[in-house]
Amino acid sequence: MLRRAADREDAVAKSVVTPGPIVPAREMLATALERDGKPADALAEFEKVLEQQPNRYHAIAGAAQSAKRASHEQKAIYHSKRLLELTEHADSPRPEIAEARRMLRR
């Protein structure tokens, strides 16, 4: 059901003045796949979210985590770097940022 919702949401033409969803259906799908132990599938869905919204914090963090769990080290590094670039001036400690730093220290 989440996959159908994500596909429908992707198919809707969006105007530049139309606000986007708070949490895209495809991001919810990716999170559910990750939770269900399917990190490779989750990674693919997070990357689809990033095609439409390239600087979306939760999608980048989710992609990094899913890539790591799916043993896609290069993608995990890539998404971890993107997350740290996006949050370069962040003033709050977030577990995803700490994990990205650990990933890049390896």
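What to note about this one:
- The length gained by stretching the chain between S71 and A40 to full extension, at 0.36 nm per residue less their Cα-Cα distance, is 10.3 nm.
- Per-residue [θ]222 nm for the chain (sum of -39500 (n - 2.57) over DSSP H runs n ≥ 4, rounded to 500): -21500 deg cm²/dmol
- Cα gyration tensor, segment 39-106 - rounded (a/c under 1.5), prolate or oblate: oblate
- Against the chain, whose longest principal axis is taken from its Cα atoms, helix 39-52 shows a tilt of about 70°.
- Listed peptides 41-48, 94-101 by packing density, highest first (mean Cβ within 10 Å): 41-48, 94-101
- Placing pseudo-labels 7 Å out from each Cα toward the beta carbon at A90 and D7 gives an inter-label distance of 3.4 nm.
- The angle separating the long axis of helix 2-11 from the principal Cα axis of greatest extent in the chain is about 70 degrees.
Throughout, read-outs are computed from the coordinates displayed, never taken from laboratory work. Every value quoted in this text rests on a predicted model; they were computed, and no experiment measured them. As a convention, Cβ positions derive from the backbone with ideal geometry for all residues, glycine included, and neighbour counts pool all protein chains shown.
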